[in-house]
Structure formats: C-alpha cells, structure tokens
Amino acid sequence: MGSSDERVVAVIMVGGPTKGTRFRPLSLNIPKPLFPLAGQPMVHHPISACKRIPNLAQIYLIGFYEEREFALYVSSISNELKVPVRYLREDKPHGSAGGLYNFRDLIMEDNPSHIFLLNCDVCCSFPLPEMLVAHRRYGGIGTILVIKVSPESANEFGELVADPSTNELLHYTEKPETFVSDRINCGVYVFTPDIFTAIQGVSSQRKERANLRRMSSFEALQSATRSLPTDFVRLDQDILSPLAGKKQLYTYETMDFWEQIKTPGMSLKCSALYLAQFRFTSPYLLATGDGTKTAAVIGDVFVHPSAKVHPTAKNLLTLNYAQIGPNVSISANARIGPGVRLISCIVLDDVEVKENAVVIHAIVGWKSSIGRWSRVQGEGDYNAKLGITILGEAVTVEDEVVVVNSIVLPNKTLNVSVQQEIIL
Amino acid sequence: EHFRMKALILVGGFGTRLRPLTLSVPKPLVEFANKPMILHQIEALKAIGVSEVVLAINYQPEVMLNFLKDFETKLGITITCSQETEPLGTAGPLALARDKLIDDSGEPFFVLNSDVISEYPLKQMIEFHKSHGGEASIMVTKVDEPSKYGVVVTEESTGKVERFVEKPKLFVGNKINAGIYLLNPSVLDRIELRPTSIEKEVFPKIAAEKMLFAMVLPGFWMDIGQPKDYITGLRLYLDSLRKNASSKLATGTHVVGNVLVDESAKIGEGCLIGPDVAIGPGCVIESGVRLSRCTVMRGVRIKKHACVSGSIIGWHSTVGQWARVENMTILGEDVHVCDEIYSNGGVVLPHKEIKSSILKPEIQKFQLKLNNKKE
C-alpha cells in the first residue's frame, strides 16, 4: 500500500513540430498535442487521467515545441485542474528514455516514489491508478500498459511477451518482421526512480564503447548504436528489450480501447472514442436536444458553450434546427445554421456552417466557412490518406459546392466541386 | 387554308439512350417541360391546322394508343400509328404510311423527328416552301460542332441544297439537318418500302435535281434523346418560354431564373428553385430544398434540405433528407434515395433504393427478381 508520503510525478511526451508530419495540414496551425479531441486538447485527456492518480504532485510535458506554444495552455490547465503542469523543452533529441533522463533532477525534486511516462498521441482510457496498484504488487522497476491486437496489425508496434501468471515481461521487440506476439506496447508506463539508473547504465555503456572504438578497430564492426550520441537512449530498444526476462519489468493489460493518433483521420476516430467515454465518466459534457428548442442531437456530441446553433433564418417558420451527430465535436464560437446536418466530424473554432449544408466524416478548420447547401464529405476510412475530408484554417466552401475525400490547405476558396484531391 | 395538311412523326424504336426513363414509359410519352415529348410536336402541328398526324413507331403501340386517344379528344386532331414490323430507317416509314399521308388535296406533308425540340415555326416553313416551288424543304440549324452530325451545304441566297456531307473531317459548313421536313407528295414516289435513309438516299437525289431547299431554323434547337441534351434542352426551352409566354413561368422569392412548376406541385419554405427547373404534377418539394437545372417528374417527393442539380428524377421517386443528387444523375421510376446519400452521376433503374453514396458516375445494376417486389 502506498503511504501518503509516496508522491507520484507524471511525464507526458508531446513530441515536436518536426515529428508527426503526418498530422498536416492541421499541424500547420497548431501543435498536434493541442488539437482538440471531443472538445478538449489532445494532451488534456492524459492530463486529466493523471489527475486520478493518488498523491499526484506534478505533471511535466516534455517536447520540442517552443515554450510559448504551451505557456497559455499549461497555466490555464494548472488552474483548472488544481495540479501543477509544466512544459519542459528538450534542446536536442535524447530519445524516448533519454528525454526523461535529461530532466531527472526536476522530476526527482518532489522525491516521487513513482513516475508515470505517457505518450501524448495515445488514445486510451489511461487506467493509471490501477496500473500503479499492479506495479506495486509486482515490485519491479517498471510496468508497461499492454493491449491485445489483431495478429496482422501487431507488427506496426512494439510486441511483448509476458508471463501469464506473474505478468513479467519476458520478451520485447519493436516492429518485428515476423510474428512474435499479439500483445503490444501502449506507450504508457509507470517506473520507480531506478529507471534513471538503468538509463544511465545504457549511456555509460555507450561512452565506454565509444572510447574503445577510438582505441580498437574491432569495435568499428560493432552495433548500429555506434552512430548514436551517448546520451540518446531509446526506451524500447535500449531499456525494455535488454531488461526483458530479468524480473525487472512487468505488464498490465487493458481491455478498453487503444489507438495511436498519428493522422487527422485517426483524430476523428479518437474524438469519437473519447466522446463515448464521456458518456460514462462525465455525461454532463455531452450535448442534448431534440430539435425543438435547440439542435437535434443524435449519439455522442460535444458543443462548446460559446457555439451557436441557430433555429431559423430570417422570418422562416418551418426550417429546422440543425441535426447533429453521432460523433460530432463543435468548438468555440462556431455558428451552425438551420437545416444543417453534421455527422462524424470535428468543427473547429469560429467556423460558420450555413443553411442546409452537410458535413460527414470531416474536419473543418478554424474560421472556415461552409456555404449553403454545400457538402463536405469523407468516406470515413480513418487510415486512408484521403479517407476523410480535411479543411485547413480559413477555407471557404462556396454555396452548393461538393468536397469529397479531399484535403484543402489553409486560406483556399473552393468554388467548384472536388473529389479525391489535395488542394494546395 | 392548310386544314387538310398531314404530318408524320418519326418516333422510332426503344429509346435506349433515355433509359432508365424509357424502361417505364415509351419515349414519346416521357415528359419534357411537364408535357409528353410528342405532345410538343403535335400541338405545334395542330396550331397551324394540321388535321391528321401519323406516328411511325416500331415499339409498344398499345401503351401509346391510350394516350393518343386522350390527345385526340383534347386537341381535336386525328392521330394514327403506322407500325414497322422491321426497322425501315429514316425514309422507309414514309413509304409505309403512304396511304395515310396523301390524298387528293395534293398538299405537302410535314415530317418531324420526335426527339427534336424547337419553336416549330411551321407557318414560316410553309411560306418558304411555297416561295421556292421546289419538291422538298428542310430546316437546318447552326451548331458549334458540325462534325458530330451531317452537314447540309446550301447556296446562301436561295437556300438551295447543294450536298450533304456526313460527319465532315474538314469544315464545309455549320448547318445541320434539324429533323423537320416539308415534303410534296411526289417525294413518296422516290421511297421504296425497305430500310432507307432519307439523308443518304432520298435527299441527295432531290438535291441533284435542284429541288431541295433548306431554311435556317429560327430560335433554339435540341435533340433531347439523351439525358445530357435533355437537360440543356430544358434551359433553351424555358429561355424561349421567357420570351414568348413568361406568364407560364414560376415567380416568387424562392425562384431564380426560369422555372416551370405544375399547379398541383407543392413547394415548402426556405427553398431555392432554379434556374432551369421543371417540377411536374403532384410533386412535393419540402422545406430547405435546393433545385437547379433539373427535371422532377410527376409524383416525386424531395425531402427537406436536399440539393438536386443537373439531374432527372423519375416519376414517384423520393430524394431523402440532406441528400445530394447531381451531375447527370438519372433516377428511373420509383427510386428512393435514402437520407444523406450523395449521388454523383448515378444512373438508377426503376424500383431501387439507394442506401449508399455513389461517388462516381455509374449505373446501379438491376437485379432480376422472380417477383416485382422492391429490393
């Protein structure tokens, strides 16, 4: 059992502008971790999950973005959740474990007994308190969240083999070519401070080898790590793989949903997953309505309090309120006109959707304008390159224009219909 | 003066280019601008005093005959059918109908192609025919791409036809045969009862004798035998209606451009209709609907917030809420497009339900069923 002295620190890796290029064009305007899913910035979901950890002392966000990009968010979320959140900028790449090690002094300031490490672009239920309980029971230096996936898709991830009775991590391979296991690494971990020793160990080993190489050409024939800087330590290959089978690392399996948010299409899918989760954890966040006094809401829908869903235009009497959902998220100050139909979409801040327009399987960028009777539609294949339609910031779709399975970069005006195109 | 004139309308065959509409109804009875195609021609003939119209058909006379009896009574004109048992081409049917076309009056008779829509300036054609004293007169019309058709080369001052050139590779002229003829009875002596082409066999002979004259058709012309031209033709026709009989066109804040609405159709609030739209009898257009460049046949219901453009919606079909139907979508009879569906150029055979979007033009296959139940 943890005593009240056992403080916990959480670290969320948020990446940087040169990574996650697959998230363009949305990431041209906003750091990916701040892109909203189910009405909240992506990073908000792991952050609020951390809030459920007993004795949480501090949350650190570590990434390569400029400090100013996170300054506002970090101060407002600290106030809102009443837990200190701080953004730390890595000056150069240190690898997924090296980044943690780089800030160890700060992390250890609160003398935490446990450190959670999460990846921001993971979408899941974050069962962090349960992981901590299991971790304490196992008594290792780290516990990894794992999930079972289809054997065909397993090789896109890190595959793990665990002992079915002790849950010890026996084997770990990153993106293997042949089938190893259908359990994969979710990118969510809990460690004891011993992890820093382990990381330092890898770092020292590399230094030694580097020195040796200067002295002997034998080492010149050695491993792929010869080109890595000594302080670049990868969690998967350098820590998890070597420590597997040594009774140091354990696994905790989640039966809930898990996805990686690599592309805008996946952000739409994950937004729906989080909206569905809200129905259980915080149903007051979801919109309701039957179309008589406000929009008709179908399924899980988030509407920001400042968004306006209009009834009638001019002096018409019978035109309906919009019909919204399922899986729709509407951000601040958006305006939705009468007779609009929104299905499976994210409508970002300040968007105007005019009368009778239809948006299905799409992301509509900030300040965009969707014309009367226009149609913005994707096929709904979240993994395909052009599987959903994405409109960048300030895109205008003129009246009656149809946009299908396309990506439109910011500030474009579409006055003719397009299909299966990337509009620069 | 012309009371005893006769006319032959070449109706021809199965109307395959206007499928799926012609799967339900013979082509001459398919409505254009809310009136059966053939009625446009019959009315034009009646207006200048033609007393008897012969329809040269080779298909489904029974269905036609019922309608024709109706027109006969209403218009006070005699309508008979001349049925080919084998295809006779564009001239053979005249020979087949010979007895119906000539009598002792010696008057010339009209021959019209049933797919053609125009202002039918038949009175002017009669005067032209009398003035040149030749054996045959044809209307020609100016087109942008003459090589798609047969070009008629004429002497400019008199209109005397010099020759016909089929699909010329080099430019020889831009006037093509408009499918409206006025022929002296003696022309029938030149036509044998066998498959014959009037353009390739009969007219060239008359032209060689310097007895064939061509008049440039004033006003619009369109061959509406296929959907794309049907839709363009509606625009031309409604343009002409605006000039000559604008009271027939719809007005109102919800109307843009030229729109024809049957008096029994209902249009909801917040709609935007037009330009170039025809809405047939008994149609219900619910609120918030956008229609442009389209034809909505009898009994169709377009549900709320839907948007239809550049398309033809067949009889008794429905288009669901928020559906988008465009780009030469042709719905046959009794087709139901579900809510929120997008059809981009879908061609849908009768009695089908469209439950998933059609992103690219394609024909929705018809599945043979043992009974006639809707799928």
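Sort out which residues of segment B:164-189 are part of a strand (DSSP E or B), out of contact with any Leu (no Cβ under 6 Å at 6 or more places or on another chain) and not small (Gly, Ala, Ser), and write them in order of number.
Those that are part of a strand (DSSP E or B), out of contact with any Leu (no Cβ under 6 Å at 6 or more places or on another chain) and not small (Gly, Ala, Ser): B:Phe164, B:Val165, B:Glu166, B:Lys175, B:Ile176, B:Asn177, B:Tyr181, B:Leu182, B:Leu183.
Does segment B:76-98 hold any residues that are out of contact with any Pro (no Cβ under 7 Å at 6 or more places or on another chain), of a type outside the set (Val, Ile, Thr) and closer than 28 Å to B:Leu23 by Cβ, and which are they?
Within segment B:76-98, B:Glu86, B:Pro93, B:Leu96, B:Ala97 meet the criteria.
So, in segment B:254-283, of the ones that are part of a loop (DSSP other than H, G, I, E, B) and in contact (Cβ under 8 Å) with a residue 60 or more places away in the chain, which residue ends up surrounded by the fewest Cβ atoms within 10 Å (Cβ to Cβ)?
By that ranking, first place goes to B:Pro281.
State whether the residues of segment B:137-153 include one that is more than 26 Å from B:Ser240 (Cα to Cα), at pLDDT 90 or above and out of contact with any Asp or Glu (no Cβ under 9 Å at 6 or more places or on another chain).
No, segment B:137-153 contains no residue that is more than 26 Å from B:Ser240 (Cα to Cα), at pLDDT 90 or above and out of contact with any Asp or Glu (no Cβ under 9 Å at 6 or more places or on another chain).
Taking segment A:285-342, which residues are in contact with a Leu (Cβ under 6 Å, 6 or more places away or on another chain) and either of a type in the set (Asp, Glu) or at pLDDT below 85 (or both)?
A:Asp300, A:Thr312
When only residues in segment B:237-253 that are at negative phi, in a loop (DSSP other than H, G, I, E, B) and not hydrophobic (A, V, I, L, M, F, W, C) count, which is surrounded by the most Cβ atoms within 10 Å (Cβ to Cβ)? Steps first, answer last, please.
First pass over segment B:237-253, keeping only residues at negative phi: B:237-251, B:253.
Now narrow it down to the ones that are in a loop (DSSP other than H, G, I, E, B): B:245, B:249-251, B:253.
Pick out the ones that are also not hydrophobic (A, V, I, L, M, F, W, C) and you get B:251, B:253.
On the way: B:Thr251: 10, B:Thr253: 7.
That would be B:Thr251.
Looking only at residues in segment B:327-346 that are of a type in the set (A, V, I, L, M, F, W, C) and within 14 Å of chain A (Cβ to nearest Cβ), which one is surrounded by the most Cβ atoms within 10 Å (Cβ to Cβ)?
The extreme case among them is B:Val337.
State all residues of segment A:120-150 that are among the polar types (S, T, N, Q) and over 16 Å from A:Tyr172 (Cβ atoms); if no residue qualifies, say none.
A:Ser125, A:Ser150
Considering (1) free of Cβ contacts under 8 Å to residues at least 24 places away in the same chain; (2) in contact with a Leu (Cβ under 7 Å, 6 or more places away or on another chain), say which one B:Val161 fails and leave the rest.
Condition (1) is where B:Val161 drops out.
Mind listing whichever residues of segment B:306-326 are facing chain A (nearest Cβ under 8 Å) and either in contact with an Asp or Glu (Cβ under 8 Å, 6 or more places away or on another chain) or surrounded by fewer than 24 Cβ atoms within 10 Å (Cβ to Cβ) (or both)?
Answer for segment B:306-326, where residues must be facing chain A (nearest Cβ under 8 Å) and either in contact with an Asp or Glu (Cβ under 8 Å, 6 or more places away or on another chain) or surrounded by fewer than 24 Cβ atoms within 10 Å (Cβ to Cβ) (or both): B:Cys307, B:Ser309, B:Gln321, B:Trp322, B:Glu326.
Regarding A:Tyr101, is this residue buried (at least 18 other Cβ atoms within 10 Å of the Cβ), closer than 30 Å to A:Glu66 by Cβ and not hydrophobic (A, V, I, L, M, F, W, C)?
In short, yes.
Restricting to segment B:314-337, what's the tally of residues that are over 14 Å from B:Cys294 (Cα atoms) and out of contact with any strand residue (DSSP E or B) (no Cβ under 7 Å at 6 or more places or on another chain)?
So the count comes out to 4.
Can you name every one of the strands (runs of 3 or more DSSP E) wholly within segment A:87-198 that holds 1 or more residues which are over 24 Å from A:Leu34 (Cα atoms) and at pLDDT 90 or above?
Correct list: A:114-119, A:142-148, A:158-162, A:169-174, A:183-191.
Name the residue, out of A:Gly299, A:Gly337, A:Gly392, that is crowded, with 22+ Cβ neighbours inside 10 Å and either over 19 Å from B:Arg324 (Cβ atoms) or touching a residue at least 60 places away in the same chain (Cβ under 8 Å) (or both).
Result of the check over A:Gly299, A:Gly337, A:Gly392: A:Gly392.
Kindly evaluate B:Lys228 against the criterion of being farther than 30 Å from B:Ile102 by Cβ and not in a loop (DSSP other than H, G, I, E, B).
So B:Lys228 passes the test.
Can you give me the number of residues within segment A:20-56 that are out of contact with any Leu (no Cβ under 8 Å at 6 or more places or on another chain), at pLDDT 95 or above and of a type in the set (A, V, I, L, M)?
So the answer is 3.
Could you say whether any residue in segment B:121-134 is surrounded by 15 or more Cβ atoms within 10 Å (Cβ to Cβ), at pLDDT 95 or above and in contact with a helix residue (DSSP H, G or I) (Cβ under 7 Å, 6 or more places away or on another chain)?
yes
Of B:Val63, B:Val25, B:Val11, B:Val50, which residue is under 25 Å from B:Val277 (Cα atoms) and in contact with a helix residue (DSSP H, G or I) (Cβ under 9 Å, 6 or more places away or on another chain)? Give the derivation first.
On the way: B:Val63 fails: under 25 Å from B:Val277 (Cα atoms); B:Val11 fails: under 25 Å from B:Val277 (Cα atoms); B:Val50 fails: under 25 Å from B:Val277 (Cα atoms).
Sole residue among the options that is under 25 Å from B:Val277 (Cα atoms) and in contact with a helix residue (DSSP H, G or I) (Cβ under 9 Å, 6 or more places away or on another chain): B:Val25.
Within segment B:43-57, which residues are at pLDDT 90 or above and touching a strand residue (DSSP E or B) at 6+ places or on another chain (Cβ under 6 Å)?
Scanning segment B:43-57 gives B:Leu45, B:Val50, B:Glu52, B:Val53, B:Val54, B:Leu55, B:Ala56.
Yes/no matrix, rows are residues, columns are (1) buried (at least 24 other Cβ atoms within 10 Å of the Cβ); (2) at positive phi; (3) in contact with a Phe, Trp or Tyr (Cβ under 7 Å, 6 or more places away or on another chain); (4) within 13 Å of chain B (Cβ to nearest Cβ):
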residue	(1), (2), (3), (4)
A:Ile346	yes, no, no, no
A:Asp350	no, yes, yes, no
A:Val358	yes, no, yes, yes
A:His361	no, yes, no, yes
A:Lys367	no, yes, no, no
A:Trp373	yes, yes, no, yes
A:Val376	yes, no, no, yes
A:Tyr382	no, no, no, no
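Quick test of your reading of the structure: B:Ile354 fulfils all but one of (1) away from every other protein chain (no Cβ under 14 Å); (2) among the aliphatic types (A, V, I, L, M); (3) more than 22 Å from A:His361 (Cβ to Cβ). Name the failing condition by number.
Status for B:Ile354: all satisfied but (3).
The values are calculated or read from the model by the stated rules, or taken from the named source; none is laboratory data. Fair warning: this is a prediction, and the values are worked out from it, not measured in the lab. Positions of Cβ are generated from backbone atoms using ideal geometry, with glycine treated the same way; all protein chains shown enter the neighbour counts.
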